[in-house]
Amino acid sequence: MKCDTLLSLAGPEMSIAVLFVHCAVGIDRSSNEAKVHLIDNQEPYQDEPPQYDTEGSFPAQQVMIRQPPLTDPPRDYFAEAILVTICCFWPTGIVAIIKASEVQQAAARGDRDMAERSSVSARKFVCLTLGIGVACLVLVLLLVCSTRYSSLIC
């Protein structure tokens, strides 16, 4: 099959697929016959397709840098978050637990900046939950005392 015939069979909706095939395996257009061959004698990929650069001819190299876990991670306030969740006010306590676990995850990834931000956020939610719990306790005590001693005052 000629190369022009191959490309004419692929309509506009197939142009991306033809370009991908051209980039992935290479089409020899030097002769009248379309010859398909693997670029650089690579074996077909098994798990993931290879990544190509903007010109589409060579596989792009990906560099992943993994940082070691932090040796001195910031405080995570996990125990405090669980305590205030159980004893004070559970809706904001759950958020404090989530933020505390984010500190642990960021420290394990080696992301100091994210760990410190999550630590500050966990501390804020622990303090907020404790404040709400104490305010509710004081309010309940005032209501109980005012109803019991209202008959003595009046």
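Checked against the criterion of being on the phi < 0 side of the Ramachandran plot and either touching a helix residue (DSSP H, G or I) at 6+ places or on another chain (Cβ under 7 Å) or in contact (Cβ under 8 Å) with a residue 60 or more places away in the chain (or both), the candidates Ser119, Ser146 yield just one match: Ser119.
Here's the yes/no breakdown for (1) part of a helix (DSSP H, G or I); (2) at pLDDT below 80; (3) among the polar types (S, T, N, Q):
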position	(1), (2), (3)
Asp47	no, yes, no
Pro50	no, yes, no
Gly56	no, yes, no
Gln67	no, no, yes
Thr71	no, no, yes
Pro74	no, no, no
Ile82	yes, no, no
Ile86	yes, no, no
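Between Ser146, Ser119, the distinction of being among the hydroxyl-bearing types (Ser, Thr, Tyr), assigned to a helix (DSSP H, G or I) and exposed (fewer than 15 other Cβ atoms within 10 Å of the Cβ) belongs to Ser146 only.
The values are calculated or read from the model by the stated rules, or taken from the named source; none is laboratory data. Keep in mind that this is a model prediction, so the values were computed, not measured. When we count neighbours, we look across all protein chains shown, and the Cβ atoms used for this are built from the backbone with ideal geometry, even at glycine.
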